[in-house]
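**Student:** After the structure tokens below, expect a handful of questions from me.
The values are calculated or read from the model by the stated rules, or taken from the named source; none is laboratory data. In this text the structure is predicted, and so the values were computed from the model without any measurement. Cβ placement follows ideal geometry from the backbone for every residue including glycine, while neighbour counts extend to all protein chains displayed. Each accessible area value is taken on the protein alone, full model and side chains, heavy atoms only, with ligands, DNA and RNA left out. Shrake-Rupley method; radii C 1.70, N 1.55, O 1.52, S 1.80 Å.
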Amino acid sequence: MATDNRIHFWRKNAKVPGSIQPVYGAQHPPLDPRIHRTFPKDTPKANNLKSKKASSFHEFARSTNDAWDIDDEEDEDFLAPIHPSSLPPTLHSTHQVPPLPPQQPINTTTEPDSGPADQLAPPTAEVRLQHEEDRDCGQINGRVVVKSSSEALLNTNTVRSTLQKQKSLPVRPIIPLVARISDQNSSGAPIMTVRDKSRLDKFKYLLSCPNTDLEELRKHSWSGIPREVRPITWRLLSGYLPVNMERRDLVLKRKRDEYFGFIEQYYHSRTDETYKDTYRQIHIDIPRTNPLIPLFQQPAVQEVFERILFIWAIRHPASGYVQGINDLVTPFFVVFLSEFVEEDVENFDVASLPLDTQRNIEADSFWCMTKLLDGIQDNYTFAQPGIQNKVKALEELVSRIDEDIHNYFKRYEVEYLQFAFRWMNNLLMRELPLRCTIRLWDTYQAEQEGFSHFHLYVCAAFLIEWRKEILSMVDFQGLLMLLQNLPTIHWGNEEVGLLLAEAYRLKYMFADAPNHYKR
């Protein structure tokens with residue numbers, strides 16, 4: 001049954017899982033059935049054994065949009081304002097509202113059982129919303145009348161939508177997706193401890209040596225790189241910058257000039273018959289890259305990404321451009337931009353930087369992305385054999401370290417390719433906020449084969465992290481929706497550190513002893 005479903009799915013669907021489009025998960029809030037209309041109307045019951053056949057992946061794909069294929073039209077409908085005809089009765093032009101009681105002083109020191117609850121509890125978001133509505137209302141003949149239906153919607157639509165979206169999230173501070181990337185922890189508060197200061201001093205010492213000791217730099221980078229020295233550390237660890245300090249300026253100038261030589265030589269050919277399909281796909285994918293972060297929606301930034309991806313594609317004809325590569329530019333771009341920006345990177349206007357600075361950021365992002373892809377290019381060649389092999393290796397690894405999860409997937413006919421393809425294709429960038437990806441890449445660059453080898457164990461640890469949630473699902477659809485929309489929006493350095501520690505443990509126990517877990 002599982003084999004037939006898989007064959008028919010890949011045969012009938014032209015889209016490749018992992019193609020990059022806006023997704024509701026990972027960097028975005030989890031799906032909520034109360035506000036999202038793509039959930040199937042009739043969910044099979046847990047105890048209905050007859051419905052199991054209908055719960056195949058093909059049936060699921062027909063009944064709902066999966067995480068890599070969200071229709072643009074539905075996104076537009078979701079963001080469109082609500083028409084007055086669809087409003088509940090309480091938002092029509094006239095409605096009766098009971099008078100508000102006089103405000104009572106809130107005594108925050110009183111014990112809960114010493115008085116009425118309404119005197120103790122701070123006003124909820126819904127109460128504040130009602131007060132906002134009341135301020136927009138007038139009173140005629142003892143009846144409360146909304147001044148204007150559209151005016152009321154203008155004031156309340158955004159608030160209501162935000163409240164509905166956040167009902168399913170834990171009550172924790174919202175952490176910016178990009179701002180203060182380096183020092184972000186799960187509470188959202190940047191902290192510079194004595195240990196952090198000591199580590200920063202150690203990095204500065206290593207980087208100031210005439211010849212940087214890369215092994216020592218990798219050892220210190222494994223547990224995270226301070227924001228102040230991350231740009232130069234990434235250039236060194238990726239192999240883009242030489243370890244000899246005297247040669248660095250010359251190499252940077254030569255490589256940057258070489259990149260813009262490629263631009264002058266090849267970029268005009270993007271409209272030629274040979275390359276127009278490649279450029280068209282890049283042009284389509286760029287706006288889908290981190291669609292909720294304003295930085296990546298700026299025309300100047302999108303033009304930078306188009307040039308980087310097009311030049312890389314025509315210089316690597318074995319793979320060309322593949323959807324997913326566009327995501328791999330973003331961490332480098334943000335890190336190299338942060339070298340010149342101390343404020344909120346997420347909303348920074350890149351066009352305000354000097355032109356030479358913009359060109360340097362673009363060239364450095366291109367070369368570092370090229371170095372990364374050189375190690376995992378088989379992920380993007382024809383039929384993507386690298387990804388196929390990594391997904392198979394992940395399945396084998398999980399079957400040994402957590403047999404319960406592996407058997408649970410088999411029971412509900414969930415194939416690893418259906419969720420792990422994107423994990424390998426995008427290096428978990430669609431599953432984690434960008435700040436977490438940058439912290440993760442600190443360790444990947446510190447590892448000798450971080451992106452090509454260690455990433456497998458990170459994916460295994462990431463899957464086991466959600467063991468409880470996975471085993472609580474009772475059907476195929478629930479499992480796949482969970483795996484494609486894991487709630488990591490509140491993750492920070494603490495969670496990524498624990499994930500990496502578990503991945504290192506798996507690598508230490510398994511990588512050099514493939515038969516270790518065999519029974």
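**Student:** Considering (1) open to solvent by 60 Å² or more (accessible area, probe 1.4 Å); (2) closer than 30 Å to residue 455 by Cβ, say which one residue 231 fails and leave the rest.
**Tutor:** (1)
**Student:** Next question. Assess whether residue 443 counts as being polar (S, T, N, Q), crowded, with 19+ Cβ neighbours inside 10 Å and touching a Pro at 6+ places or on another chain (Cβ under 7 Å).
**Tutor:** no
**Student:** Same structure again: Can residue 266 be described as surrounded by 15 or more Cβ atoms within 10 Å (Cβ to Cβ), in contact (Cβ under 8 Å) with a residue 40 or more places away in the chain, out of contact with any His (no Cβ under 6 Å at 6 or more places or on another chain) and among the hydroxyl-bearing types (Ser, Thr, Tyr)?
**Tutor:** In short, yes.
**Student:** What are the pairs, 6+ residues apart or on separate chains, where a residue within segment 390-409 that is open to solvent by less than 50 Å² (accessible area, probe 1.4 Å) has its Cβ under 8 Å from a residue that is assigned to a helix (DSSP H, G or I) and of a type in the set (Lys, Arg)?
**Tutor:** 402/467; 405/467
**Student:** Now for a separate question. Quick one: is residue 332 modelled with pLDDT of 95 or more, out of contact with any strand residue (DSSP E or B) (no Cβ under 7 Å at 6 or more places or on another chain) and either assigned by the TED database to the domain that holds residue 312 or surrounded by 15 or more Cβ atoms within 10 Å (Cβ to Cβ) (or both)?
**Tutor:** yes
**Student:** For segment 194-253, which positions are closer than 22 Å to residue 500 by Cα and assigned to a loop (DSSP other than H, G, I, E, B)?
**Tutor:** The answer is 222, 223, 224, 225, 226, 238.
**Student:** Does residue 319 qualify as being over 28 Å from residue 434 (Cβ atoms), touching a residue at least 12 places away in the same chain (Cβ under 8 Å) and either out of contact with any Asp or Glu (no Cβ under 8 Å at 6 or more places or on another chain) or open to solvent by 50 Å² or more (accessible area, probe 1.4 Å) (or both)?
**Tutor:** Details: over 28 Å from residue 434 (Cβ atoms): no; touching a residue at least 12 places away in the same chain (Cβ under 8 Å): yes; either out of contact with any Asp or Glu (no Cβ under 8 Å at 6 or more places or on another chain) or open to solvent by 50 Å² or more (accessible area, probe 1.4 Å) (or both): yes.
Here the answer is no, as residue 319 does not meet what is asked.
**Student:** When residues of segment 271-296 are filtered for being open to solvent by 70 Å² or more (accessible area, probe 1.4 Å) and part of a helix (DSSP H, G or I), how many remain?
**Tutor:** Number satisfying all stated conditions: 5.
**Student:** Of all residues in segment 244-263, count the ones that are within 23 Å of residue 199 (Cβ to Cβ) and surrounded by 16 or more Cβ atoms within 10 Å (Cβ to Cβ).
**Tutor:** Summing the residues that are within 23 Å of residue 199 (Cβ to Cβ) and surrounded by 16 or more Cβ atoms within 10 Å (Cβ to Cβ) in segment 244-263 gives 1.
**Student:** I would also like to ask the following. Could we say that residue 417 is in contact (Cβ under 8 Å) with a residue 12 or more places away in the chain and open to solvent by less than 10 Å² (accessible area, probe 1.4 Å) here?
**Tutor:** So residue 417 fails the test.
**Student:** Let me ask another. Which pairs turn up if I take residues in segment 366-388 that are closer than 13 Å to residue 326 by Cα and open to solvent by less than 10 Å² (accessible area, probe 1.4 Å) and look for partners that are in a helix (DSSP H, G or I) and among the polar types (S, T, N, Q) with beta carbon separation below 6 Å, at least 6 apart in sequence or on another chain?
**Tutor:** Nothing qualifies.
A quick yes/no check of all residues on (1) within 31 Å of the chain's Cα centre (by Cα); (2) assigned by the TED database to the domain that holds residue 331; (3) closer than 27 Å to residue 359 by Cα; (4) of a type in the set (A, V, I, L, M):
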{"position": "200", "(1), (2), (3), (4)": "yes, no, no, yes"}
{"position": "208", "(1), (2), (3), (4)": "no, no, yes, no"}
{"position": "212", "(1), (2), (3), (4)": "no, no, yes, no"}
{"position": "224", "(1), (2), (3), (4)": "yes, no, no, no"}
{"position": "229", "(1), (2), (3), (4)": "yes, no, yes, yes"}
{"position": "232", "(1), (2), (3), (4)": "yes, no, yes, yes"}
{"position": "254", "(1), (2), (3), (4)": "no, yes, yes, no"}
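**Student:** Scanning segment 466-491 for residues that are part of a helix (DSSP H, G or I) and within 17 Å of the chain's Cα centre (by Cα), which turns out surrounded by the most Cβ atoms within 10 Å (Cβ to Cβ)? Outline the logic, then answer.
**Tutor:** The first filter runs over segment 466-491 and keeps only residues part of a helix (DSSP H, G or I), leaving 467-472, 476-484.
From what is left, the residues that are within 17 Å of the chain's Cα centre (by Cα) are 481-484.
On the way: 481: 19, 482: 19, 483: 24, 484: 21.
Residue satisfying both the conditions and the ranking: 483.
**Student:** Further question on the same structure: So which residues in segment 322-339 are touching a helix residue (DSSP H, G or I) at 6+ places or on another chain (Cβ under 6 Å) and free of Cβ contacts under 8 Å to residues at least 60 places away in the same chain?
**Tutor:** 329, 333, 337 - these are the residues of segment 322-339 that are touching a helix residue (DSSP H, G or I) at 6+ places or on another chain (Cβ under 6 Å) and free of Cβ contacts under 8 Å to residues at least 60 places away in the same chain.
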